[in-house]
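Asker: Before I ask anything, here is the structure I am working with.
The values are calculated or read from the model by the stated rules, or taken from the named source; none is laboratory data. These figures come from a predicted structure and were not determined experimentally. Cβ atoms come from the backbone with ideal geometry, glycine included; neighbour counts cover every protein chain shown. Surface accessibility is based on the protein's heavy atoms, side chains included, excluding ligands, DNA and RNA. Shrake-Rupley method; radii C 1.70, N 1.55, O 1.52, S 1.80 Å.
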Protein chains: 2
Amino acid sequence: MTKVCIGIDLGGTFVKFGLVDETRRAGKVFSLPTPPNPQPEDVVAVMADGVEKIIADHSLAREDILGVGVGAPGPLSVKRGILLQLPNMQTMRNYPLRDRVSEAVGFPATLENDANAAAYAEYLCGAGQGTRDMVMFTLGTGVGGGIILDGKVLHGANEMGGEIGHIIVQPGGRPCPCGQKGCLEQYGSAMNLAKYASRRIREEKPVSRLTEILKQNGEIDAKTIHAAGRDGDAFARELWEEMAMYLAVGCVSICRLFDPDRIVFAGGMTRAGEDLLEPIRRHFQREDWTMLETKTTLAIAALGADAGAIGAAGVAWNAFGTKSSSSS
Amino acid sequence: MTKVCIGIDLGGTFVKFGLVDETRRAGKVFSLPTPPNPQPEDVVAVMADGVEKIIADHSLAREDILGVGVGAPGPLSVKRGILLQLPNMQTMRNYPLRDRVSEAVGFPATLENDANAAAYAEYLCGAGQGTRDMVMFTLGTGVGGGIILDGKVLHGANEMGGEIGHIIVQPGGRPCPCGQKGCLEQYGSAMNLAKYASRRIREEKPVSRLTEILKQNGEIDAKTIHAAGRDGDAFARELWEEMAMYLAVGCVSICRLFDPDRIVFAGGMTRAGEDLLEPIRRHFQREDWTMLETKTTLAIAALGADAGAIGAAGVAWNAFGTKSSSSS
């Protein structure tokens, strides 16, 4: 029987479960509902239930399970296996989730930030497969991501690294709730694109379909901006192009520092597909140096919402699987 | 007898030699002149002479020398041990310096970029001693540097990483010969500060001592700008503050990505000492996020012009010394 690691992705609505073996991926990801207003024990109980279900579904022998990986929203300490705080789950503050899960399921466990876990999944068996160094930009409500160097997640000396959304791409630029100005997150996230569009519409009242939509609905979202741009709305296009330019500038700086094999884009914004990737690529080529040939390629993530659970399993595999697989 | 590695730093005027043992540093760095318009063999011969001299000076037994590290100006391939091209030494194009030196001296050898070697020296026994992750900004004619993560130099998937001077700190900003716009090098290097000052003086003719100096001398340098600022010249101060702000913005982005223990500043600009570090620190605190406490410290390099040779030896020690020192 092949050895496996089980991955668990803790979200606000669902807890997802996945499996990784030496072929890198095995079985479908499934979900259990996250209990409402949970105590920490409730969350651990759901995780233990899911692990038992995955064991039953795949007829796994316990001795073939090398470990369990948990992915959770940050901030957290990978080293200590502790959730520092969890948005919407106040009871989980400073909770040693890794060790509690390990005790509950009877396997060694790892804890990883969910954005890093998703990046690891893309590296292992998604859009970054076959690379050595990969950087992921997750473009959702905010801009998150993960940096994988030589098959390992970069955490930094104090576990505060890999915050791609908070590199400064415009000194003195748009204020960010983090306290900085001009963070990439202010230019490249769906929410901030919409906020910025709304502000400019109120101030400038441009001739644009977006002006009408904002008037009617009182709000606007990134999807609407994308759709209007597709239909040739000049103001919407300008917003979209500017976003792509800042993301490209972020990519150039990432290339100069890390020189990764690939930069992968994930998150809700990537539903725009080529309409997102094409302008980023175009601006990247314009902003990138000409001194040497940049070999980094840009791609859209492949695993969608499964990435968190698969990546959590992959991180556990990286911790527990390598030795036994190389000695077997 | 203690084991050692020998370091060689190839410069345009001098070849420098240093030594590293398990106590991290041993003996003074000394120089031999670089032959004028050399053939590759001439350079290798000087390197072999220096190695013999260091063996004699320290009465080393050949079996105690674990290897030789060579540092050279880039671009080069660490993996292949090859100089790709060398400014001012056209004959060294695509030259396999690592293996030629190894053959000439009879020890295994490594090749490393000289800026990375200098960063490694500061990490090993200079301003970054005791850190795990350290980033160095070398502020000279250009802006170079090196990134040390977990005791290893970051090179990137295609050996083009660690180019700190070419992260973009101002989109659409000052054009850089590399082909990009707004590179940190355009804002933080001595040469570019002087160039920018000269341009602004010609265009704006500010009431400033610098306007007089440029008129008299036809040129201006970073040292003059620093001195004028110290004496209260408002225009010179504005230039100096702006430079510090951009360097601070670079530091913030470096912290978000790498979260290093320390950022070290080296190169000619650091002769300004606290007059450089104080405004960078001040702007860093202003630009840095407030969401979490940044633990990265900023410091001036400690090893000066010796760093290249010591670091080259350190890189060799990292390659050849670790196993034998842990097994002894």
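Asker: As an exercise: evaluate B:Gln186 against (1) in a helix (DSSP H, G or I); (2) in contact with a strand residue (DSSP E or B) (Cβ under 6 Å, 6 or more places away or on another chain); (3) of a type outside the set (Lys, Arg) and give the number of the one condition it does not meet.
Answerer: The number of the failed condition is (2).
Asker: Could you tell me whether the range B:126-137 includes any residue that is of a type in the set (A, V, I, L, M, F, W, C), part of a helix (DSSP H, G or I) and more than 29 Å from A:His283 (Cα to Cα)?
Answerer: No, there is no match, as no residue in the range B:126-137 is of a type in the set (A, V, I, L, M, F, W, C), part of a helix (DSSP H, G or I) and more than 29 Å from A:His283 (Cα to Cα).
Asker: Do you know which of the residues in the range A:6-45 that are among the small types (Gly, Ala, Ser) and open to solvent by less than 40 Å² (accessible area, probe 1.4 Å) is nearest to A:Gly130 (Cα to Cα)?
Answerer: Of the range A:6-45, the ones among the small types (Gly, Ala, Ser) are A:7, A:11-12, A:18, A:26-27, A:31, A:45.
With open to solvent by less than 40 Å² (accessible area, probe 1.4 Å) added as a condition, the list becomes A:7, A:11, A:18, A:26.
Values: A:Gly7: 21, A:Gly11: 28, A:Gly18: 21, A:Ala26: 18 Å.
For the range A:6-45, the residue satisfying everything is A:Ala26.
Asker: Of the residues that sit in the range B:76-96 and are within 14 Å of another protein chain (Cβ to nearest Cβ) and out of contact with any Lys or Arg (no Cβ under 8 Å at 6 or more places or on another chain), which one is most open to solvent (accessible area, probe 1.4 Å)?
Answerer: The qualifying residue most open to solvent (accessible area, probe 1.4 Å) is B:Lys79.
Asker: Only one of A:Gln180, A:Gln170 is assigned by TED's automatic domain parsing to the domain that holds A:Tyr196, touching a residue at least 24 places away in the same chain (Cβ under 8 Å) and farther than 29 Å from A:Pro38 by Cα. Can you tell me which?
Answerer: On inspection, the qualifying residue turns out to be A:Gln170.
Asker: Right, here's the next one. Please report, ordered by residue number, the helices (runs of 4 or more DSSP H) entirely within the range A:222-328 with at least 2 residues that are over 24 Å from A:Asp114 (Cβ atoms) and more than 14 Å from chain B (Cβ to nearest Cβ).
Answerer: Per the criteria, A:222-230, A:234-258, A:274-287, A:322-327.
Asker: Let me ask something else about it. Being touching an Asp or Glu at 6+ places or on another chain (Cβ under 7 Å) and without any contact (Cβ under 8 Å) to a residue 40 or more places away in the chain narrows it down to one residue among A:Gly69, A:Gly81; which is it?
Answerer: After ruling out the rest, the residue left standing is A:Gly81.
Asker: Could I ask something else about it? Out of all the residues in the range A:148-172, which are among the hydrophobic types (A, V, I, L, M, F, W, C), part of a strand (DSSP E or B) and more than 18 Å from B:Ile168 (Cβ to Cβ)?
Answerer: A:Ile148, A:Leu149, A:Val153
Asker: Which of the residues belonging to the range B:139-177 are modelled with pLDDT of 95 or more, open to solvent by 20 Å² or more (accessible area, probe 1.4 Å) and among the β-branched types (Val, Ile, Thr)?
Answerer: Passing the criteria: only B:Val153.
Asker: Enumerate the pairs (first residue in the range B:149-164 and within 21 Å of B:Leu184 (Cβ to Cβ) and of a type in the set (A, V, I, L, M); second residue anywhere and modelled with pLDDT under 95 and open to solvent by less than 10 Å² (accessible area, probe 1.4 Å)) with beta-carbon separation below 6 Å, excluding pairs fewer than 6 apart on the same chain, so at least 6 apart or on different chains.
Answerer: B:Ile164/B:Gly145
Asker: Could you please find all residues in the range B:250-293 being of a type in the set (Val, Ile, Thr) and within 21 Å of the chain's Cα centre (by Cα)? It would help to see each step written out before you state the result.
Answerer: Here is the first cut: in the range B:250-293, the residues of a type in the set (Val, Ile, Thr) are B:252, B:254, B:263-264, B:270, B:280, B:290.
B:Val252, B:Ile254, B:Ile263, B:Val264, B:Thr270, B:Ile280 - these are the residues of the range B:250-293 that are of a type in the set (Val, Ile, Thr) and within 21 Å of the chain's Cα centre (by Cα).
Asker: Report, ordered by the first and then the second residue, all pairs with beta carbons closer than 8 Å, sequence separation of six or more or different chains, a first member in the range B:221-236 that is assigned by TED's automatic domain parsing to the domain that holds B:Met269, and a second member that is among the polar types (S, T, N, Q) and surrounded by fewer than 22 Cβ atoms within 10 Å (Cβ to Cβ).
Answerer: Every condition considered, the pairs that remain are B:Phe235/B:Thr211.
Asker: Is one or more of the residues making up the range B:56-75 surrounded by 14 or more Cβ atoms within 10 Å (Cβ to Cβ), among the small types (Gly, Ala, Ser) and not in a strand (DSSP E or B)?
Answerer: Yes.
Asker: A:Gly50 passes all but one of (1) open to solvent by 20 Å² or more (accessible area, probe 1.4 Å); (2) touching a Lys or Arg at 6+ places or on another chain (Cβ under 9 Å); (3) free of Cβ contacts under 8 Å to residues at least 60 places away in the same chain; which number fails?
Answerer: The number of the failed condition is (1).
Asker: Still on this structure: Go through (1) modelled with pLDDT of 95 or more; (2) closer than 28 Å to B:Ala301 by Cα and name the single condition B:Arg24 misses.
Answerer: Going through the list (1) modelled with pLDDT of 95 or more; (2) closer than 28 Å to B:Ala301 by Cα, B:Arg24 breaks only (1).
Asker: Output the residues belonging to the range A:146-187 that are more than 10 Å from chain B (Cβ to nearest Cβ) and under 14 Å from the mean Cα position of the chain (by Cα).
Answerer: Residues satisfying the conditions are A:Gly146, A:Ile148, A:Val153, A:Glu185.
Asker: Kindly establish whether A:Asn113 is under 14 Å from A:Leu10 (Cα atoms), surrounded by fewer than 17 Cβ atoms within 10 Å (Cβ to Cβ) and not charged (D, E, K, R).
Answerer: Numbers: under 14 Å from A:Leu10 (Cα atoms): yes; surrounded by fewer than 17 Cβ atoms within 10 Å (Cβ to Cβ): no; not charged (D, E, K, R): yes.
Against the criterion (under 14 Å from A:Leu10 (Cα atoms), surrounded by fewer than 17 Cβ atoms within 10 Å (Cβ to Cβ) and not charged (D, E, K, R)), A:Asn113 does not qualify.
Asker: Also, quick follow-up: Taking the criterion of being in contact with a helix residue (DSSP H, G or I) (Cβ under 9 Å, 6 or more places away or on another chain), modelled with pLDDT of 95 or more, in a strand (DSSP E or B) and within 14 Å of A:Ile310 (Cβ to Cβ), would at least one residue in the range A:28-47 satisfy it?
Answerer: Yes, the range A:28-47 has at least one match.
Asker: When residues of the range A:238-284 are filtered for being out of contact with any Leu (no Cβ under 8 Å at 6 or more places or on another chain), surrounded by fewer than 22 Cβ atoms within 10 Å (Cβ to Cβ) and polar (S, T, N, Q), how many remain?
Answerer: Final tally of qualifying residues: 0.
Asker: Mind checking which pairs have a first residue in the range B:116-138 that is open to solvent by less than 10 Å² (accessible area, probe 1.4 Å) and at pLDDT 95 or above and a second that is part of a loop (DSSP other than H, G, I, E, B) and of a type in the set (Asp, Glu), Cβ under 8 Å, 6 or more apart or different chains?
Answerer: Pairs found: B:Gly128/B:Asp261; B:Asp133/B:Asp150; B:Asp133/B:Asp259; B:Asp133/B:Asp261; B:Met134/B:Asp261.
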